[in-house]
1. For residue 157, which sequence-distant residues (separation of 5 or more, or a different chain) have an amide H within less than 5 Å of its own amide H, given hydrogens modelled in the peptide plane?
2. So what J values fall out for region 164-178 if you push phi through Karplus, 6.51 cos²θ - 1.76 cosθ + 1.60 with θ = phi - 60°, rounded to Hz, Gly and Pro as x?
3. Counting only residues 5 or more places away or on other chains, whose amide H sits under 5 Å from the amide H of residue 93 once H atoms are built in the peptide plane?
4. Mean projection of the alpha-carbon convex hull of the chain over all orientations, in nm²?
5. Could you tell me the calculated FRET efficiency between residue 58 and residue 26, based on Cβ-Cβ distance and R0 = 30 angstrom, to the nearest 0.05?
6. Quote the FRET efficiency, to the nearest 0.05, computed for residue 223 versus residue 80 with a Förster distance R0 of 51 Å and r equal to the Cβ-Cβ distance.
7. Please state the charge dipole magnitude for region 75-179, taken about the Cα centre, from unit charges on C-beta atoms (+1 on K and R, -1 on D and E), reported in debye and rounded to the nearest 20.
8. Ranked highest first by the average count of other Cβ atoms within 10 Å around their residues, in what order do 23-30, 105-112 fall?
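Just so you know, all these numbers are worked out from the coordinates, no wet-lab data involved. Nothing here was measured: the structure is a model prediction, and the numbers come from that model. So basically every Cβ, Gly included, is an ideal-geometry build from the backbone, and we count neighbours across all protein chains shown.
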Amino acid sequence: MDLLRTFREVAGRGSITAAARTLGYTQSAVSRQVSALEASLGARLFDRVARGVQLTEHGRSLLPHAESLLERLDGARRDLEALDRLECGRVRVGAFPTAVAALIPRSMAAFRAEHPNVSLSLVEGTTPRQLDRVRARDVDLAVVSAFPGRELNADRIELSHLLDDAMLVAFPRSHRLARRRRVRLAELVDESWIAADAGGDDHLLGPGSVRLASRPRVDFVANGWTEKLGLVAAGLGITLVPSLAAGAARPDLALAELNARDGPPRKVYTATLEGVARAPATDAFIHVLEETAGRIRVGEAS
């Protein structure tokens with residue numbers, strides 16, 4: 001393309017000397033580039049005249065093609081620079097459901113405020129599904145989670161720790177433990193639980209998440225947080241709530257932190273595809289995610 005750029009400059013100025021001055025080259029360097037282009041095309045492009053050069057018939061035929069190619073190249077460079085400046089682009093995000101309660105919406109709002117011309121999309125799903133989406137390149141990054149002792153299938157995945165998601169217990173305001181800030185599982189053995197599975201196989205109640213001596217007594221089954229917390233507010237039982245979802249809790253509920261010995265926090269990570277170049281917008285969104293996670297941790301600590 002440098003040869004074409006030099007050719008266009010010489011053609012426009014009708015002078016090798018003037019073109020060299022504009023391009024910042026020596027006159028001999030411009031002459032060599034013109035000769036190299038003529039040799040590669042097998043055609044003479046300029047006639048040397050008394051006051052400079054004039055395009056030959058071949059040169060006149062080549063000029064519009066050279067201008068078109070150079071304009072397209074300049075346009076491509078402008079598009080690439082726009083991506084680097086986050087003036088365009090896209091970020092496709094996957095996230096497990098609880099992350100969509102606060103972490104993801106806050107991050108997306110902050111990112112959009114800074115980079116309004118970058119397209120954002122979100123798909124919700126379980127952690128295994130999100131990892132599959134990352135591997136299939138259906139999302140640019142995913143927010144995933146795992147309890148201690150539960151290994152993620154991280155084949156071809158690069159994980160970066162975002163935060164620890166502590167377990168809380170939701171009580172109706174009338175409950176005997178409603179004023180407590182922290183509780184032990186031993187205090188809850190006779191409680192009626194509200195879970196996503198009647199057999200007590202709710203992933204929040206399963207092995208590695210909370211250390212139950214026996215299966216909990218599940219009297220009501222509900223999958224959504226609205227339904228679960230509505231049942232708790234009505235006094236029909238208690239349920240576990242990840243701290244990431246605490247902001248969505250109703251005001252007529254009480255939340256107490258589960259002692260870490262009984263329910264260790266689950267780890268929350270960003271997941272990206274290993275060994276591939278990330279787009280500037282993806283890196284920028286991860287940075288916003290990290291800042292949002294930091295604010296969430298500070299809020300919990302206070």
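1. Distant-sequence amide H within range of residue 157: 274.
2. Listing the rounded values in order: 9, 9, 6, 8, 10, 10, 9, 10, x, 4, 7, 5, 4, 9, 5 Hz.
3. Amide H neighbours of residue 93, under 5 Å, 5+ apart: 121, 122, 123, 140.
4. Working: hull surface 87.4 nm².
Taking the Cα atoms of the chain, their convex hull projects to 21.8 nm² on average.
5. It comes out at approximately 0.75.
6. Values: r = 45 Å, r/R0 = 0.88.
Efficiency, rounded to the nearest 0.05: 0.70.
7. Values: 16 positive and 14 negative charges, 90 e Å.
Charge dipole, region 75-179, about its Cα centre: 440 debye, nearest 20.
8. Values: 23-30: 14.2, 105-112: 17.8.
Per-residue mean Cβ counts within 10 Å order the peptides as 105-112, 23-30.
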